[in-house]
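S.K.: Below you will find the structure I want to go over with you.
Only the coordinates and a few stated rules stand behind these numbers; no lab work does. What you are looking at is a predicted structure, and each value in this text was computed from that prediction instead of being measured. Every residue, glycine among them, receives a Cβ derived from its backbone with ideal geometry; neighbour counts consider all protein chains shown.
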Number of protein chains: 4
Amino acid sequence: MIKAGIIGATGYAGAELVRILLGHPEAEVTALGSQSFEGQPVSEVYPAYYKLCDLVCESSQAVVDKSDVVFAALPHGLSEPLAADCIGRGKAFIDLGADFRLENEEDYRRWYGKEYAHPALHEQAVYGLPELFREQIKGKKLIANPGCYPTSAALGLYPALKRGLVESDGIIIDSKSGTTGAGRGLSQTTHFPDCNEAFSPYKIAAHRHTPEIEQTLMKAAGKRLRVTFTPHLLPVNRGIVSTMYARLKLGVNEEKVREAYETFYYESPFVRILPAGKTANLKNVRYTNLCDISLHVDPRTGNLIVVSTIDNMVKGAAGQAVQNMNIIFGLDEQTGLAMVPPAF
Amino acid sequence: MIKAGIIGATGYAGAELVRILLGHPEAEVTALGSQSFEGQPVSEVYPAYYKLCDLVCESSQAVVDKSDVVFAALPHGLSEPLAADCIGRGKAFIDLGADFRLENEEDYRRWYGKEYAHPALHEQAVYGLPELFREQIKGKKLIANPGCYPTSAALGLYPALKRGLVESDGIIIDSKSGTTGAGRGLSQTTHFPDCNEAFSPYKIAAHRHTPEIEQTLMKAAGKRLRVTFTPHLLPVNRGIVSTMYARLKLGVNEEKVREAYETFYYESPFVRILPAGKTANLKNVRYTNLCDISLHVDPRTGNLIVVSTIDNMVKGAAGQAVQNMNIIFGLDEQTGLAMVPPAF
Amino acid sequence: MIKAGIIGATGYAGAELVRILLGHPEAEVTALGSQSFEGQPVSEVYPAYYKLCDLVCESSQAVVDKSDVVFAALPHGLSEPLAADCIGRGKAFIDLGADFRLENEEDYRRWYGKEYAHPALHEQAVYGLPELFREQIKGKKLIANPGCYPTSAALGLYPALKRGLVESDGIIIDSKSGTTGAGRGLSQTTHFPDCNEAFSPYKIAAHRHTPEIEQTLMKAAGKRLRVTFTPHLLPVNRGIVSTMYARLKLGVNEEKVREAYETFYYESPFVRILPAGKTANLKNVRYTNLCDISLHVDPRTGNLIVVSTIDNMVKGAAGQAVQNMNIIFGLDEQTGLAMVPPAF
Amino acid sequence: MIKAGIIGATGYAGAELVRILLGHPEAEVTALGSQSFEGQPVSEVYPAYYKLCDLVCESSQAVVDKSDVVFAALPHGLSEPLAADCIGRGKAFIDLGADFRLENEEDYRRWYGKEYAHPALHEQAVYGLPELFREQIKGKKLIANPGCYPTSAALGLYPALKRGLVESDGIIIDSKSGTTGAGRGLSQTTHFPDCNEAFSPYKIAAHRHTPEIEQTLMKAAGKRLRVTFTPHLLPVNRGIVSTMYARLKLGVNEEKVREAYETFYYESPFVRILPAGKTANLKNVRYTNLCDISLHVDPRTGNLIVVSTIDNMVKGAAGQAVQNMNIIFGLDEQTGLAMVPPAF
């Protein structure tokens, strides 16, 4: 059994890791770390786990000591020193925060206002989006688990750019996320009476996931590109829908696009390319590691419209982290992740 | 007092007209028409109205007889004969359906699959979006009340196109509507367990409001244009948010855009251009005839992002219809429409 | 015009007072008080009010100076000194907090953990539930505006007890309230992801509204009684439904009960006794000062089941406060309160 | 592997059975029956299952032929002939409908308006609430799977009555259920704009689950009793909360009650008796077979208040059916049912 520890276990991503790992046949949760709730059982914070996981929260150090793999779900800037410690001691480190996602330090500085604390460590990190970079992940110890929006956007647009089916400039990504994306911390925005029966975009042209999306899409396109990315807060608990617009190159029709996507994801069991005439809905992926993608062509304007949906807490965070763990420990990618989405 | 009759009174737009007109100081609801509920009081269908409006539903003919102005909230194709009758008898007719919205019969045929039944009548109709076409509405008897999505889109983009601030090609309109937009009729899509905790686009590149939006925007741009329009179903009762993308022309910055919008809507009390740094949220316009617009520039991509929000049942249907009534009867535009949006 | 000031204007009850008073034809909002937002416009806190009410928040003292009537929506314990000041200066004071609701200081001490600061002042206060105590309210200057749960419970049970139709012991009040009842202050309980798709009772057998309910019901019954009161948090914004159980006295049937209620509320326009076969639903009273009551008899167990529903922010707070203002200023009770509930 | 067939597979209970059985290590779904969707894959009806279960719906007969155990999730009256056929052919039959729940034909006639079609068959049926009747279930072939409300009510009240801690008369059961309880069929009540931001009781003193609840509680009390049962429709997808009131016998305090419940459910892993000070919330049992029970005493009125919560689709339907299957096939009760509830 893989000994798995979670630091930041009482945040939403951490708590979701607990839930998923409790059902994993090859891993066991050995320790939970929480600064705010040290000394308290996690089930005091999340009564859903009462009698199913009553582990008491400990210090980060205690978690590292007890684990083969450490998952860190922390605000940016806090993972680097932990990663250095883990890697130094031969343990795997999967970072659900932003510290290792951007490969260009200049981008990190610009969007996060920080420098790398351990520049050398970044050489060892790999961006853990398995459907796109599976081979690079194998054998690594330090994983930058992608952001939720970037996962939905990159899975949705990568094949079209990689296969040269769309123009790389002028891409619009209009994303809508459930409220768990904002985390467990209280805010007016997620106060029920303010959030319920409400809807609006936020951080327009200013969200930190923008350079992360661009970084991946540039790998697909093989050249510089910029996207317009607009996140919205959706009054549901879970799920991201990204509706994305790109100009089709001349002569590309919907069948060609669909075929390219199906080929591209042929060996990726978590990605479902929907048949023609169907539209992706976050309902159908909730509580699972699935990503549903539907493809639409507007013949009047020549645009490709890609709708990509994930559960932001699973494929957008904890599930993808476990998928990465599976890969680096040589397990089948779907181990512990074969949940069937509830139909309602 | 203006005698107002409503045909299709038990559909959602009709019921909302009842609510608004009951509070109108210069009009009284004299008759309600409903095919499905003829002979029953409207308060049997909508118990919210019990003891406040217990009018019994009648035939269309009875409603026309008793009214100075007839509001029709019917499926497309049913308004034309009613309009002919009303206009022939010197009564005003405000159509909340689609019969008179498209000025080009070819568009109507293509998107609605029908011919005009009374082509001559269409010459007398005016598209009733007062903030854009106020002068043309005055003195008219036959009003094509705009669709909900077209209202939010046109109010949000018209000034930018009119003032030549953005390119007219490549416009993307990503709209999200509350469920009342789908009407009172039952469907799996709006069945609570299917709709709640769900989200997806629908009728991608195929929604009938597309040509209506284009018709208005072409008037602004002074040339042919096509938009990519994607509606989504939002799990809330009311409200539309349209997030819209257009490429800014060289040298146009956010201040210039904001100034243009403020000038354009200076005499339109229902449109609120939000100050820099604020983002439109459907929460703030619910149950009112307001349209909130926020303006955002993405300097990295050169896009203008306009967020426009209305209550789909008020400014997107019944409220705008009453605003049109006010104009054609020479009343102040805000009469009976000065509701303050609830803060929660 | 009555000059109305609101202290605690940026809490939910205060904000709702703003909304209602803006539409009141005989009153004007002259000043708003807020400790947390002093110096900021109320529309900064509630963007729904932008351009409709941009009054800047002031100190309590400034509000009192500018007002004929002061509404205070404050945590308990803060209203007494303000009331003393207002009454001393001949101004009316309507307290939406709990300071003056309990007529027995012992109860106040036990449930609120405080003593009266100005015991003499309590002699001048009247409990402002107009449907039950209209005559006592007339001519008063100091009004204890009832709590939300007590309003729904007392309106629902008073006639049955007053007319001796039910036993006074063993009454069960199972109430469910929307989240605005918990106020604007942030808490884990009203954090969207925790509150949405959740439901549970809280403060079982321990809620402070219990003695307030009993105080009113004892007046009806003419003897001591105790109720079992269980509040629940409902994942909606507004509305309270109280489902209440009392044992019918021998020989009392549903018709007799219905007749008693209809007679009792004959001159109370805000109370709607629903016809046999209908059930009260909070949907039908939202955004209004209405109270819908449905009456049900279980012949198998001999219980009367009363369902009473109000909008907790209107009839349960701000609307009732304005109703009290109307009464003490000699206006028609419905002035500014004749809103039609939206059907959806 | 147990061959499991589901008749009525495209209703909500049937679809939930599909989800649960797909994750069951000792059973495989061999056939799905649906009258409405015969010939179509279940994933056409529930796109959540696309590529995970694309079985094509068949006739009932085909399902019976292919199965060792048949689950039937049908409107009442349709299960009896199917059960007769299955039992005759030596197959197990688990009925999620009401046909075999009431042991007294007179009750069935009174509440369901029907006679038994196969009276002899009823002798072989057992009421499948394992925590109460585990021993009787073992070795049976014909299981009456309990209703959702009765499961929550019976689990919550049985120990108190069995141990003689409360009076058996005057019990009040105030239950609130999520909308999946109303099924997949469309209705105005569950139309999103009508159901969202709404709340009310329904079928007061007239719900068919009443005699089923009484039947079980009478077994606990050892004498006749009647309960007042009031169901409410809650605007959430899943979950039932029953708040129940019973008069404590003299000298019984909360500790004594808690001890009795903990002892009673000591060997029932799906029932969690919450510690003192905690309150059951449907949030914590969603998507699982758990039942959370919290116990509260109101010392002022001498009432015991029991809050019992389940997921109506799992412990209230499909999960309990699988639990019954496990028992009759000699498997561990938790096989395939050890889901961890999501914390959000």
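S.K.: Considering only region D:167-313, what is the antiparallel percent among its DSSP beta bridges, to the nearest 5?
M.R.: Counting only bridges with both partners in region D:167-313, antiparallel ones make up about 70 percent.
S.K.: Within 10 Å of each Cβ in peptide A:233-241, how many partner chain Cβ atoms are there on average? Round it to a whole number, please.
M.R.: 6
S.K.: Can I ask one more? Output the 0 to 90 degree angle, nearest 10, between the alpha-carbon long axis of helix D:148-162 and the longest principal axis computed from the alpha carbons of chain D.
M.R.: It is inclined by approximately 40 degrees.
S.K.: Further, regarding this structure: Taking the DSSP beta bridges in the protein assembly as shown as the whole, what percent of them are antiparallel, to the nearest 5?
M.R.: If we restrict to bridges inside the protein assembly as shown, about 45 percent are antiparallel.
S.K.: Report, for D:Ala276, each distance to the same residue's label point in the other copies, shortest first and in nm; define the point 7 Å along Cα→Cβ.
M.R.: 5.0, 6.1, 6.9
S.K.: Still on this structure, I have one more. By its C-alpha gyration tensor, with a ≥ b ≥ c as the square roots of the eigenvalues, how is region A:20-67 shaped: rounded for a/c under 1.5, else prolate for a/b larger than b/c, else oblate?
M.R.: oblate
S.K.: Using the Karplus curve 6.51 cos²θ - 1.76 cosθ + 1.60 with θ = phi - 60°, what ³J(HN,Hα) values do you get for each residue of region A:216-223, in whole Hz, with x for Gly and Pro?
M.R.: Result, rounded to whole Hz: 6, 5, 5, 5, 5, 7, x, 7.
S.K.: Report, by chain and number, residues whose modeled amide H sits under 5 Å from the one on A:Ile2, excluding near sequence neighbours (fewer than 5 apart, same chain).
M.R.: Here A:Ala27, A:Glu28 satisfy the definition.
S.K.: Between the alpha-carbon centers of region C:1-50 and region B:203-242, tell me the distance in whole angstrom.
M.R.: About 37 Å separates the Cα centre of region C:1-50 from the one of region B:203-242.
S.K.: Right, something else. Note the distances from D:Ala62 to each other copy's matching label point, with points 7 Å along the Cα-to-beta-carbon direction, in nm, sorted shortest first.
M.R.: 5.2, 5.8, 7.7
S.K.: Provide the per-residue ³J(HN,Hα) series for region A:30-41, in order, calculated from phi with Karplus coefficients 6.51, -1.76, 1.60 and θ = phi - 60°, each as a whole number of Hz, with x at glycine and proline positions.
M.R.: Karplus values, whole Hz, x for Gly and Pro: 9, 7, 10, x, 7, 6, 6, 10, 3, x, 10, x.
S.K.: While we're looking at this one, here's another question. Would you list A:Asp95, A:Asp65 from fewest to most Cβ contacts within 10 Å?
M.R.: Going from sparsest to densest Cβ surroundings: A:Asp65, A:Asp95.
S.K.: Would you please give the residues with an amide H less than 5 Å from that of A:Glu197, counting only those at least 5 places away or on a separate chain, with H modeled from the backbone geometry?
M.R.: For A:Glu197, whose amide H was placed from the backbone, there are no distant partners under 5 Å.
S.K.: May I ask you to derive the FRET efficiency for A:Arg224 and D:Asp169 from their Cβ-Cβ distance with R0 = 56 Å, giving the value to the nearest 0.05?
M.R.: About 0.10, to the nearest 0.05.
S.K.: How much length, in nm to one decimal, is gained on full extension between B:Glu44 and B:Asp85, taken as 0.36 nm per residue of separation minus their Cα-Cα distance?
M.R.: 11.8 nm
S.K.: A further question follows. Rounded to the nearest 0.05, what FRET efficiency do C:Glu28 and C:Ala120 give with R0 = 25 Å and r taken as the Cβ-Cβ distance? Could you check?
M.R.: 0.20
S.K.: Take the cross-link list A:Lys114/D:Lys283; C:Lys203/D:Lys283; A:Lys203/D:Lys278; A:Lys203/A:Lys223 and give me the ones stretching past 29 Å between alpha-carbons.
M.R.: As for pairs spanning more than 29 Å Cα to Cα, those are A:Lys114/D:Lys283; A:Lys203/D:Lys278.
S.K.: Chain C: longest stretch without exposed GluC sites (Glu not before Pro) (DSSP loop, at most 11 other Cβ within 10 Å), sites themselves excluded?
M.R.: Longest stretch, sites excluded: C:116-266.
S.K.: When only Cα pairs under 8 Å and 6 or more residues apart are kept, what is the percent relative contact order across region C:139-262?
M.R.: 45 percent
S.K.: Rounded, prolate or oblate, given the Cα gyration tensor of chain C, with a/c below 1.5 counting as rounded?
M.R.: prolate
S.K.: Mind checking the mean number of beta-carbon atoms from other chains within 10 Å of the Cβ atoms in C:46-58?
M.R.: For peptide C:46-58, the averaged partner shielding equals 5.
S.K.: One decimal, nm, shortest first: give the distances between the label point of C:Gly90 and those of the same position in the other copies, each label point 7 Å from Cα along Cα→Cβ.
M.R.: Result for C:Gly90, in nm, nearest copy first: 5.8, 9.0, 10.0.
S.K.: When the dipole is taken about the Cα centre of region B:1-111, and only Lys, Arg (+1) and Asp, Glu (-1) are charged at their Cβ, what size is it in debye, to the nearest 20?
M.R.: Here region B:1-111 has a charge dipole of around 200 debye.
S.K.: Next up: With an 8 Å Cα cut-off and a minimum separation of 6 or more residues, compute the relative contact order for chain D in percent.
M.R.: 18 percent
S.K.: For the rotation taking chain B to chain A, which residue of B has the Cβ nearest the axis, and how many Å away is it?
M.R.: Per the Cβ-to-axis criterion, the result reads B:Asp174, 2.
S.K.: Same structure, new question: Kindly provide the chymotrypsin sites (Phe, Trp or Tyr not before Pro) of region D:207-281 that DSSP labels as loop, not H, G, I, E or B, and whose Cβ sees at most 16 other Cβ atoms within 10 Å.
M.R.: D:Tyr266
S.K.: Estimate the FRET efficiency between B:Gln61 and C:Asn253 by the formula 1/(1 + (r/R0)^6), using the beta-carbon distance for r and 45 Å for R0, to the nearest 0.05.
M.R.: Efficiency, from the Cβ-Cβ distance: 0.50.
S.K.: Separate question: Under the rule of at least 5 residues apart or a separate chain, name every residue whose amide H is placed under 5 Å from the amide H of C:Gly33.
M.R.: C:Ile6, C:Ile7, C:Gly8, C:Ala9, C:Glu58
S.K.: Shifting gears a bit: Spin-label point model (7 Å from Cα, Cβ direction): what's the D:Glu262 to D:Phe329 distance in nm?
M.R.: Taking the two extended label points, one gets 3.5 nm.
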